[in-house]
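Just below is one structure, and these are the notes that go with it.
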Amino acid sequence: MCDEARIHKEEQLSICVRYAVEMEVYERFLGFVDVSKGQNANNIVEAIYAYFEGQKISIQNVNIVAQSYDGASVMSGNMNGVQAKIKEQHPAAVYTHCMAHRLNLVVVDTCKSIKSAQAAFNILEAVYVHLSRPSKNTKLIEIQKKMGLSKSTTVIWVCDTRWVCRYKNCESIINNFESIVKALKEEVEDQADKDVAQAIGILSSITKKNFIVIIFILYDVLCIINILSNQLQNKKATLGNSGKIIKGVIASFKHLRSDEAFDKFWQKVQDFANKNNILLTILSTNEVSKEKQTRKRREPAKLQDYALSHRTGAESENNTSNTIEYWRTTVYLRIIDAIIINLEKRFSEESLELAESVDNFFNLDEQNSLCFINTYKVLKKC
């Protein structure tokens with residue numbers, strides 16, 4: 001098991017091993033290897049072999065049955081990655097990408113591919129930075145106390161690496177929304193310092209319907225993902241159980257694509273908006289059709305000589321984003337589908353089949369453990 005980290009302008013590779021003595025399993029950290037001179041697959045493999053030789057461990061004479069790294073292409077590449085080069089000499093060394101890390105990448109890929117989700121996290125980061133200043137944080141805490149909220153529900157820093165935990169940021173903004181809005185409004189009214197312009201911008205951003213809808217979607221999605229993440233990191237978790245849980249989560253997300261699930265979600269958004277006096281101005285498709293008939297926008301004179309393929313942003317906003325169908329298909333389903341696609345991409349049927357096969361092998365179920373048995377047939381001579 002290897003992982004890289006940059007320390008004091010050096011690239012260090014940590015090496016750990018997992019092995020069995022009779023029926024007891026041990027896991028040990030061996031040390032760090034300096035791979036600063038080159039981080040390509042050949043250099044890393046040479047550094048690993050050289051380290052074992054330096055420790056007087058004959059890596060050629062041991063049976064390596066598995067290798068685990070992160071998902072970087074230099075490590076995981078099927079053709080020229082570290083795992084592929086080690087597998088050339090040790091065919092049974094099946095590469096396993098940490099399931100919890102893969103799950104984190106699912107969230108990263110989803111949020112980075114959907115601009116509205118990325119924008120929402122940028123706003124959350126701006127809220128945290130602004131309200132983390134001592135004077136503003138003190139004021140927020142005072143307001144929360146008056147409203148009966150505990151200090152533990154304050155705004156949380158947006159983690160750059162643990163994307164799975166970002167559901168806490170969504171939960172924090174939802175639970176503290178009223179107190180945050182009140183703190184920002186008081187700051188704007190007082191005009192006490194130069195940060196008032198930031199307060200106006202943040203207040204405008206978090207009270208928009210776009211932000212509210214996106215935050216509720218992300219909270220529901222990331223809450224499910226976080227439960228899966230905790231299960232995968234459970235010390236008693238097995239590969240087989242993890243595979244079953246992953247399949248169950250994928251099925252849960254597919255269920256969220258139903259009209260019934262969206263209606264429940266939308267009701268939560270409407271209740272929150274009504275409670276906080278936020279105007280969603282959501283129209284039905286029929287109402288928008290009537291509005292189109294009664295309100296016709298005239299084309300600007302300066303554009304009459306041009307062939308327009310798209311409507312203006314304001315007109316598009318009025319005619320589309322005010323419909324429930326727009327939020328269901330363009331935002332809600334898009335995020336749900338992105339999560340499903342990335343889960344199925346990161347956790348392929350092949351990897352989940354092997355995971356369940358391991359559990360079946362230990363349960364002496366030969367028929368359902370053939371995937372695992374066939375993978376390690378090369379070791380039968382040992």
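The values are calculated or read from the model by the stated rules, or taken from the named source; none is laboratory data. Please read all numbers here as calculations on a predicted model, not as lab measurements. Using ideal geometry, Cβ is built from the backbone for each residue, glycine included, and neighbour counts are taken over all protein chains shown. Side chains are part of the model used for accessible areas, which takes the heavy atoms of the whole protein and leaves out ligands, DNA and RNA. Shrake-Rupley method; radii C 1.70, N 1.55, O 1.52, S 1.80 Å.
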- Quick one: in region 58-77, of everything that is farther than 14 Å from HIS90 by Cβ and among the hydrophobic types (A, V, I, L, M, F, W, C), which residue is modelled with the lowest pLDDT? ALA72
- Task: Filter region 183-210 for residues that are closer than 19 Å to ASP271 by Cα and either open to solvent by 10 Å² or more (accessible area, probe 1.4 Å) or modelled with pLDDT under 90 (or both) and give the result.
- Result: THR207, LYS208, LYS209, ASN210
- Task: Return yes when ILE217 is assigned to a helix (DSSP H, G or I), under 24 Å from SER252 (Cβ atoms) and open to solvent by 50 Å² or more (accessible area, probe 1.4 Å) and no when it is not.
- Result: no
- Message: Looking at region 169-194, I want the residues that are more than 14 Å from LYS275 (Cβ to Cβ) and hydrophobic (A, V, I, L, M, F, W, C) and have a partner that is open to solvent by 60 Å² or more (accessible area, probe 1.4 Å) and assigned to a helix (DSSP H, G or I) with Cβ atoms under 9 Å, at least 6 apart or on another chain. Which pairs are those?
- Response: ALA183/LYS139; ALA183/GLU142; LEU184/ILE200; VAL188/ILE200; ALA192/SER135
- Residue within region 293-308 that is at pLDDT 65 or above, assigned to a loop (DSSP other than H, G, I, E, B) and either within 28 Å of the chain's Cα centre (by Cα) or not polar (S, T, N, Q) (or both) present: no
- In the set ILE217, ILE224, the lone residue that is within 14 Å of the chain's Cα centre (by Cα) and either without any contact (Cβ under 8 Å) to a residue 60 or more places away in the chain or farther than 15 Å from ILE340 by Cα (or both) is ILE224
- Those residues of region 364-382 which are open to solvent by less than 70 Å² (accessible area, probe 1.4 Å) and part of a loop (DSSP other than H, G, I, E, B), in sequence order: ASP365, TYR376
- Query: How many of the residues in region 330-363 are open to solvent by less than 20 Å² (accessible area, probe 1.4 Å), within 20 Å of the chain's Cα centre (by Cα) and of a type in the set (Ser, Thr, Tyr)?
  - Reply: 1
- Extreme residue, modelled with the lowest pLDDT, among residues of region 1-23 that are assigned to a strand (DSSP E or B) and basic (Lys, Arg): ARG6
